[in-house]
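The values are calculated or read from the model by the stated rules, or taken from the named source; none is laboratory data. Treat the numbers as computed from the prediction; the structure is a model and nothing was measured. Here the Cβ positions follow ideal geometry from the backbone for every residue, glycine too, while neighbour counts run over all protein chains shown. Only protein heavy atoms, including side chains, enter the accessible area calculation; ligands, DNA and RNA are left aside. Shrake-Rupley method; radii C 1.70, N 1.55, O 1.52, S 1.80 Å.
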Amino acid sequence: MKILVCIKQVPDMESRFKPDSAGVWYSDTDLAFRMNEYDEYAVEQAVQLKEQLGGEPEVVVLSVGPDRVVEALKKALAMGCDRAVQVQDPAAHLKDPWQIASAIAAYAKGENFNLIFTGLQSQDRGSAQVGVTLAEILGIASVTTIVGFEYADGSVTVRRELEGGLKARVQLKTPALVTCQLGLNVPRYPTLPNIMKAKKKEILTLPVGELLHEEARSVTASFYAPPKKSGGIVLEGDVAVQVDQLLDILRDKTTVLR
Amino acid sequence: MKTLLIAECREGKFLDTNYELFGFADKLGATSAMVLVGRQDDLPAFAGKLYLADAAKFGEYNPDLHKKLILATVDQEKPDYIVFGHTSYGWDLAPRVAAALKAPQLSEVVGVADGGFELPSCNMKMRRTVKPQGTPVLLTLQGGAFPVLKPGGTPQVVPLETAGEPGVNFLGYEPAVAKDVNLSKAEIIVSAGRGIGKPENVPAIAALAKALGGELGASRPVVDGGWVDHAHQVGTTGQTVSPKLYIACGISGAIQHLAGMKKSGFIVAINKDKDAPIGEVADVLVVADVMQFVPALTAKLGK
Ligand SMILES: Cc1cc2nc3c(=O)[nH]c(=O)nc-3n(C[C@H](O)[C@H](O)[C@H](O)COP(=O)(O)OP(=O)(O)OC[C@H]3O[C@@H](n4cnc5c(N)ncnc54)[C@H](O)[C@@H]3O)c2cc1C
Ligand SMILES: Cc1cc2nc3c(=O)[nH]c(=O)nc-3n(C[C@H](O)[C@H](O)[C@H](O)COP(=O)(O)OP(=O)(O)OC[C@H]3O[C@@H](n4cnc5c(N)ncnc54)[C@H](O)[C@@H]3O)c2cc1C
């Protein structure tokens, strides 16, 4: 069996974001990057399946982006993926989800993966498109938003999360793609021995130009901070003073303090 | 301008949130037709054309056949925009239709901008204006971003059919686990978020809730991590609450959390990040380390 996991590298969401010089995306400087949270669940599920099947499946992890994404790939290798693919472009132009899915599909076509895991969405853009679009291009079945995964004899049974705590059980035959939701499993932390082992694993670099021949279907015209609604009171400074200030406000503005 | 609105039916019911699609079409000044895989006896209050497929036959989750049903309608209606809610139904289905039509899709639209649409990014801290290239354009709308609009009337029903094999097999629903905690009746809720750092800190948040005579709430990562039971989760996949006082401890303010608590009477947020999106809905934002501030507040209340 062959498994593909697609991961994106995103900035820490607690960062301060500043538009880049073109004003269409964030400026990379001063940002700390990490693996997209949803994709950690995707990597973990792929590695768990490999373990369930006695180590037989080969797990390939792929990321599209500039050279910094190699760090995210290394983490996935340390979590237990077998080899990595970086689809690289030094020009680092922003692409739309359609192009990302097309580039990944161009790579995946020749490899005949039985299962593909992606995150439900990225933390920075959150389009929730790349996974399903990839499956549609490849012509394989897909299910989004999974919070439970079982595999047996070429058949996958998932729990699909809906709003309000409701879930649906869905079955599909491989080849298939699933998009992973938060809480699907408990992603492992790479251990030191596994980080060392990962250093010997292959990371293949493919220029995006070899894979991508599609035009963008949407372009970002501008990137900016939303206007502050404010009106809210901001308390800063000494904790003891903040406590007193807050209690005064609550006594004044609400009826809940007796 | 013409919109094709894709309605959602869940557990046999036409969802009220579908009316936000009309609110959006109204904002564009567009005419609308609607597609519904639903039930003949539960139709929207709308006097226009309704393409109706039977959910008993095509299922409530059957992406391959629903895609075909929508494609057949697009063929007839030739809309400029095909509009979904950004829900588990919409984000699953829209990219499939977009791929088949080779059309652009913009996800989680929060506003209409000059020549394009506004989309949130970076956990709502930032926005992008995105311009689609080509038509039709598929859009998924963020819940609550556009007003509910009930046009009223009775639809002209056009029956919709398709054939083919489903790619996935829907086995049935699993109901939400019965809740032993009813947050919807609580007057005060104090919620723990990932910013509390570790499970050992949950009791300190629970102690504040107790000191105030309120209930403990939680954001999703705290529940997924097993620190707090799911019965306490606030948000789109947990409970929707509207207490008189809501205190968010180390919660960033993701849309899925806000959707569950923004109707609260008075909102206090404790966060070390002054720019955290929770500040957008908070009446008071306390910029502090939550594990220093909360015990200090609890102690003062005890006096
Ligand atoms: C040449 C090039 C340069 C790029 N430069 C940047 C850049 O500087 N900054 C930046 O933030 N993005 C960059 N990207 C990535 C791109 O902008 C987004 O990844 C793309 O628009 C996907 O949209 P999304 O994040 O909304 O994905 P979603 O559809 O929300 O993502 C869903 C899932 O798809 C998978 N996925 C998404 N993106 C990727 C990816 N890139 N690689 C592998 N799997 C993925 C993940 O499993 C993810 O969980 C670049 C892409 C290319 C091809
Ligand atoms: C389909 C879907 C459904 C979802 N449903 C829900 C839902 O029902 N409910 C829900 O909550 N989420 C839900 N989520 C997840 C949601 O998108 C967010 O990931 C989640 O709400 C984040 O939780 P958080 O704010 O606790 O954590 P984070 O986003 O990690 O935020 C932690 C915050 O704590 C602050 N902080 C860190 N350390 C400290 C400190 N020492 N002192 C003070 N502040 C500190 C940080 O500045 C940050 O703002 C859903 C997501 C999806 C895609």
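Look at (1) touching a residue at least 24 places away in the same chain (Cβ under 8 Å); (2) not in a strand (DSSP E or B) and you find that residue B:176 fails only one, number (1).
Flag not set for residue B:176, criterion: at negative phi, within 11 Å of chain A (Cβ to nearest Cβ) and surrounded by 19 or more Cβ atoms within 10 Å (Cβ to Cβ).
Out of the residues in region B:62-86 meeting the condition of being in a loop (DSSP other than H, G, I, E, B) and over 26 Å from residue A:95 (Cβ atoms), tell me which one is farthest from ligand 1 (Cβ to nearest atom).
The qualifying residue farthest from ligand 1 (Cβ to nearest atom) is B:78.
Residues in region A:1-16 that are in a strand (DSSP E or B), away from ligand 2 (no atom under 14 Å from the Cβ) and surrounded by fewer than 21 Cβ atoms within 10 Å (Cβ to Cβ): 1 in all.
Scoring residue B:157 on the criteria (1) in a loop (DSSP other than H, G, I, E, B); (2) open to solvent by less than 80 Å² (accessible area, probe 1.4 Å) leaves a single failure, condition (1).
So in region B:275-303, with the set limited to residues that are in a loop (DSSP other than H, G, I, E, B) and within 7 Å of chain A (Cβ to nearest Cβ), which one is surrounded by the fewest Cβ atoms within 10 Å (Cβ to Cβ)? Filtering region B:275-303 for residues that are in a loop (DSSP other than H, G, I, E, B) and within 7 Å of chain A (Cβ to nearest Cβ), the one surrounded by the fewest Cβ atoms within 10 Å (Cβ to Cβ) comes out as B:275. Just so you know, in region A:34-64 the residues that are exposed (fewer than 13 other Cβ atoms within 10 Å of the Cβ) and out of contact with any Lys or Arg (no Cβ under 9 Å at 6 or more places or on another chain) include one that is farthest from residue A:101 (Cα to Cα), and it is A:54. Checking each residue in region A:176-203 for being outside any loop (DSSP other than H, G, I, E, B) and of a type outside the set (S, T, N, Q) picks out A:176, A:177, A:178, A:180, A:192, A:193, A:195, A:196, A:197, A:198, A:203.
Every condition in (1) exposed (fewer than 14 other Cβ atoms within 10 Å of the Cβ); (2) under 22 Å from residue A:112 (Cα atoms) holds for residue A:67 except the one numbered (2).
A residue that is away from ligand 1 (no atom under 11 Å from the Cβ), at pLDDT 95 or above and closer than 22 Å to residue A:175 by Cα can be found somewhere in region A:3-16. Quick one: in region A:102-151, which of the residues that are away from ligand 1 (no atom under 13 Å from the Cβ) and charged (D, E, K, R) is farthest from the other protein chains (Cβ to nearest Cβ)? Checking each candidate, the answer is A:111.
Scanning region B:233-249 for residues that are surrounded by fewer than 24 Cβ atoms within 10 Å (Cβ to Cβ) and more than 10 Å from ligand 2 (Cβ to nearest atom) yields B:241, B:242, B:244, B:245. Take the conditions (1) open to solvent by 30 Å² or more (accessible area, probe 1.4 Å); (2) modelled with pLDDT under 95; (3) away from ligand 2 (no atom under 15 Å from the Cβ); (4) not in a strand (DSSP E or B); residue A:226 misses just one of them, which is (1). The residue pairs whose first member lies in region B:81-93 and is open to solvent by 10 Å² or more (accessible area, probe 1.4 Å), whose second member is at pLDDT 95 or above and among the aromatic types (Phe, Trp, Tyr), and whose beta carbons are closer than 7 Å, counting only pairs six or more residues apart or on different chains, do not exist in this structure.
Could we say that residue A:206 is in contact with a Gly (Cβ under 9 Å, 6 or more places away or on another chain), more than 8 Å from every other protein chain (Cβ to nearest Cβ) and not in a helix (DSSP H, G or I) here? When the stated conditions are applied, residue A:206 does not pass them.
A single member of B:168, B:190, B:137, B:112 is within 19 Å of residue A:126 (Cα to Cα), of a type outside the set (Phe, Trp, Tyr) and open to solvent by less than 30 Å² (accessible area, probe 1.4 Å), and it is B:137.
Note on region A:17-33: residues that are of a type in the set (Gly, Ala, Ser), modelled with pLDDT of 90 or more and surrounded by 13 or more Cβ atoms within 10 Å (Cβ to Cβ) total 0.
The single residue among B:213, B:195, B:217, B:226 that is in the same structural domain as residue B:265 (by TED's automatic domain parsing), part of a strand (DSSP E or B), away from ligand 1 (no atom under 16 Å from the Cβ) and in contact (Cβ under 8 Å) with a residue 24 or more places away in the chain turns out to be B:217.
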